[in-house]
Each structure stands twice: as structure tokens, then as C-alpha cells.
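Below is one structure, written out as C-alpha cells, with a few remarks after it.
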Amino acid sequence: MTTTAANTSARGTRQALLVSVFLIASCGLAYELVAGALSSYLLGDSVTQFSTIIGTYLFAMGVGSWLSRYVTRALITRFVQIELVIGLVGGFAPALLFVCFALDLGPFRPLLYAAVFVVGTLVGLEIPLVMRILKSELSLADLVSQVLTVDYLGALAVSLAFPLFLAPHLGLVRTGLLFGLLNAAVALWAIRVFRDPLGNPRALALQGIATLMVLVAGFVGAERLSTWSEAHMYADEVLHAQSTPYQRIVVTRWRDDIRLFLNNNLQFSSRDEYRYHEALVHPGLAGLPAARRVLVLGGGDGLAVREILKYPQVAQVTLIDLDPAMTTLFRDAPMLRKLNEDAFHSPRVHVTNADAGRWLETAEGLYDFIVVDFPDPSNFSVGKLYSTSFYRLLARRLAPGGRMVVQATSPFYARRAYWTIVATLEAAGLQTAPYHALVPSFGEWGYVLAAREAYSPPPAIPIPTRFLQAANLPTLFDFPADMSRVPAEPNRLDSQNLVRIFEEEWKHAIR
């Protein structure tokens, strides 16, 4: 071979390895993101889940990097074999974890962290081996700069693709298998590029092809596996399951009971949701006969809007919900349209899909009644919507004499969290009227009315209701001893003590 040909071949080898680094970096970060999202979906959308998953994964990568020193012979062969093992383990890990969770095959957390540790260790072996393979081709400075540059670019590509395309369109199971396929493809590519130095390339190629076929079969059957897993995860028939950039949406049915789950957490049961939504809307709105403009933050199922539309004097309802998949589902699905009585088809309703905090910063106009129906403050991204700064921003949108109501979790199961929300509203300069109602699916549930003036229950509820009556309204504002007020600090944006308190209380409540 001529010198020119040898240089061309060496350059091609380096480029192939650098492309491999890009792909394996993409795969490595993808497995980490899938594990974090999976733990969030199944164990609760909490900063704790992502923090512990990322920490475990990075520690495992360090262990893998340390172990790479003991790989001293046949580096290319070992690299190929590691890629194939990562493809199988990392690719199938989300599917297997879903199955374990659905069938309750043992303590889920140890299984989750064991899978994260194994994948992280294998990923940690990759880059050191590539650098050792390349060290004869590049100087140390070029080797480190080029490998790390390509590694970070691969991580950037996946960090953008995961929330925008992969998770919402492929789902977690297929995303894991897709990157498993990429690892197997890297292995087959390496076999082709390094065919001559490999001792037995045919045997490795057969292993690679077999791995690729298994992963393809898994990818093709992923939807069926996900459906089967969720059918076992939920006691009832799954009518709809969808991953979005923001959450996992699952709708189930048992006989006439339709249930909505977000990230595996029950949001409502059609058998008693009217209790929750009547208690949310009517104590505040029934006493505002001149209310014409209403703002709803959250409430993408349209059930609170359904109750608001019962008031003929309300001329406009503006709903702000982050996830367009939610509002689209409850606007279009016939069974869900029946449940919210076609609330999203009313000409009085205007839906905007946006982050409520950002929307409020630029919003104009005042509202006579504001409904704040966010998920519970189980993570910092939601916790900021329960902060003093958010409530001050919201108070600026209240018309003179207007009121707002906030769903505020359970004063029984999360007593300190509930009164923290009350204290936060008061720290924002509002007068509060805390109250609660029994919703069988959730137990005692809490709400807080807030305004610039003191509140008194209305003498009548001017529209038909199934649960709430004027006669029992005063009892909602009476708290028994085990739910009565306890000392609590306001939830401020820079500390978000509410998230920690909420998690601690619910952790003990479900034991």
C-alpha cells in the first residue's frame, strides 16, 4: 500500500471512530434520560428521581472508566462486544422495567438503580477504549480535544431530540430500543472498519447481526409490549396512553368509571370528579353574580370549565394549560367530550397552551374569577406555581372585587403542605378562606379562596349541583383538629420548601 493510500486509510479509520464516539455519546445520554423519565413516570415526577438517576449513572460511568484499565488485549474486539452488550441491556432496559413494575416482580427501586448502574458502567468503558484505539493515530492534545468535542456534540443532539421528538413520538420503550440499535450498528461498523486487525471478524459479525435482529424485533413489538404492560399496571381497561414532552397521559375505564392518570398519578375518577370540581368552582363563583371574565390555569380536562359555563353571566373563559395533548384529547375524544359536556367547543371558551407563569408575565386584562387547578407541588417545575412571586403576579390580574381559588392538596394527608400554600397566598398580600371537601377517590381535599377582601359564603348556589348546597357551604370552612392550621412558612421561589414538605408528607401517607 502506498503512503498516500495508508494515510487515507488511517484518516478514514479516525473519522469512523469519531463518528462512533458521536453515536455512543448520544446513546449514553439517551439511556440516562430514558431512565430519569421512566422513574419520573412510575415513581412520581420529582427532582429527586432525576437527581438520583443522574448521580447513579455518572458514578457508574466512573466505575466503567476505572475498569477499562483492565482491558489490555484485543481492544477492538472488546469494544465491539461492549457495544453489543450495551445495545441489548440499554435497549431492553426500559421495556423490562415497565414489565417488572406492571407485574410487581419485586422492589422496583433496586431494580431500576441496578439497571442504571449496569448500563452506566458499560457506557463508561466505551470512551476510554476508543481513546486507546486512537492514541497511535493522534497526539494526546488532538486525541482529547477531538474525542471530547464529538462526545459533547452527541450529548447535545440527544438532549434536544429527546423532549422534542423521541419521548413524545416514540415513547420510552421504543426510544431505548432505537439507541440499542445504534449501539449495535456502531459495533457492526467497527467490525467492517477494523476487519483486518480482528482475529475472527465473521464470528463477531454474526453476533452483531443477531443482536441487531433481536433489537429490531423488540422495536417492532414495542407498542404491543407497552400496551400489555399498561394493561397490567392499571386495574382497568386502558383507553388511551400517550407520552408528551411534559407527561405521560393514560385514560382508563372500568364499567362507567373513566379515570385520568398523569405520570401514574390519579387525576380524577368520573364517579366522583363532580365533587372535586363543584367544590373548586362554586364556593367562589356563586357569590360573584357580576362575574363576566374567568381565567383557568391548568384544568386541561375541561371539567372545571364545565362548571363555570353553567353561569350564564360568564361571557368569556380563558384556559391556560401547558400541554396541548391534554386539551386536544379532551376536546376531541367522544367519551371525554361527554364528560366535560363539550366545554372546549363552547364559543365562550378560549384555550391557550402555554406555561402559566410566562403567560401571566405578558397577559393583559383583569378577571373576575381565577381558578388555579395545577397538579400537586411534587417537583420544582410545579412548585414555582405555588410561590409568593407567582401569586403576586396572579393577584395583578384580579379585577376589583374578584376572587381566585387554588387547589391545595389534602389537608389531612399533607397537612403542612396545605397550610404552607395558605401562608404563601397570605404572604402575597391576599386574604384567604381555606376550606375542604370529601372526594372519595382522594379523601379529604383542600382548597383556598383568596382575594383582597374577606370572604363570606353566598346565601345560595344559583345553578344545579349534584354535591354542593348553600346549606352545607359553611361546614367546608370548618377544620377538625387533625386538619387544623399548623405553623408554616411561605413557599418562596428561591427556596421552594413546599416541594420538600409535600414529598415528605405523602411519602409517609402512602406507607
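The values are calculated or read from the model by the stated rules, or taken from the named source; none is laboratory data. Note that this is a predicted model, so its numbers are computed, not measured. As a convention, Cβ positions derive from the backbone with ideal geometry for all residues, glycine included, and neighbour counts pool all protein chains shown.
Odds and ends about this structure:
- Condition met for Phe369 (buried (at least 24 other Cβ atoms within 10 Å of the Cβ), over 15 Å from Phe442 (Cβ atoms) and touching a helix residue (DSSP H, G or I) at 6+ places or on another chain (Cβ under 8 Å)): yes
- One residue alone among Asp342, Asp332 is on the phi > 0 side of the Ramachandran plot, surrounded by fewer than 24 Cβ atoms within 10 Å (Cβ to Cβ) and out of contact with any strand residue (DSSP E or B) (no Cβ under 6 Å at 6 or more places or on another chain), and that residue is Asp342.
- Scope region 372-401; condition polar (S, T, N, Q) and either within 20 Å of the chain's Cα centre (by Cα) or buried (at least 23 other Cβ atoms within 10 Å of the Cβ) (or both); matching residues: Ser378, Asn379, Ser381, Ser387
- Some residue of region 92-103 being modelled with pLDDT under 85, of a type outside the set (A, V, I, L, M, F, W, C) and assigned to a helix (DSSP H, G or I): no
- When the test is whether a residue is in contact (Cβ under 8 Å) with a residue 24 or more places away in the chain and of a type outside the set (Asp, Glu), Leu206 does not pass it.
- Matching option when the condition is surrounded by fewer than 21 Cβ atoms within 10 Å (Cβ to Cβ), among the aliphatic types (A, V, I, L, M) and touching a strand residue (DSSP E or B) at 6+ places or on another chain (Cβ under 8 Å), among Leu225, Leu266: Leu266
- One residue stands out in region 453-511 among those that are surrounded by fewer than 12 Cβ atoms within 10 Å (Cβ to Cβ) and closer than 16 Å to Asn379 by Cα: the one that is farthest from the chain's Cα centre (by Cα), namely Asp494.
- Taking the criterion of being in contact with an Asp or Glu (Cβ under 7 Å, 6 or more places away or on another chain) and either crowded, with 24+ Cβ neighbours inside 10 Å or small (Gly, Ala, Ser) (or both), the residues of region 402-419 that qualify are Gly402, Thr409, Ser410, Pro411, Ala414, Ala417.
- Looking across region 437-454, the residues that are touching a residue at least 60 places away in the same chain (Cβ under 8 Å) and within 16 Å of Thr475 (Cα to Cα) come down to Ala437, Leu438, Val439, Trp445, Tyr447, Leu449.
- For Gly87, the requirement of being assigned to a helix (DSSP H, G or I) and within 21 Å of Val150 (Cα to Cα) is met.
- For region 51-67, the set of residues classified as surrounded by 21 or more Cβ atoms within 10 Å (Cβ to Cβ) and hydroxyl-bearing (Ser, Thr, Tyr) consists of Tyr57 only.
- Considering residues of region 21-78 that are part of a loop (DSSP other than H, G, I, E, B) and either modelled with pLDDT of 80 or more or charged (D, E, K, R) (or both) only, the residue nearest to Leu156 (Cα to Cα): Asp45
- Test: residue in region 269-278 that is closer than 29 Å to Leu105 by Cα and not β-branched (Val, Ile, Thr): yes
Yes/no matrix, rows are residues, columns are (1) part of a strand (DSSP E or B); (2) among the basic types (Lys, Arg); (3) modelled with pLDDT of 90 or more:
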site	(1), (2), (3)
Thr465	no, no, yes
Ala471	no, no, no
Thr475	no, no, yes
Arg492	no, yes, yes
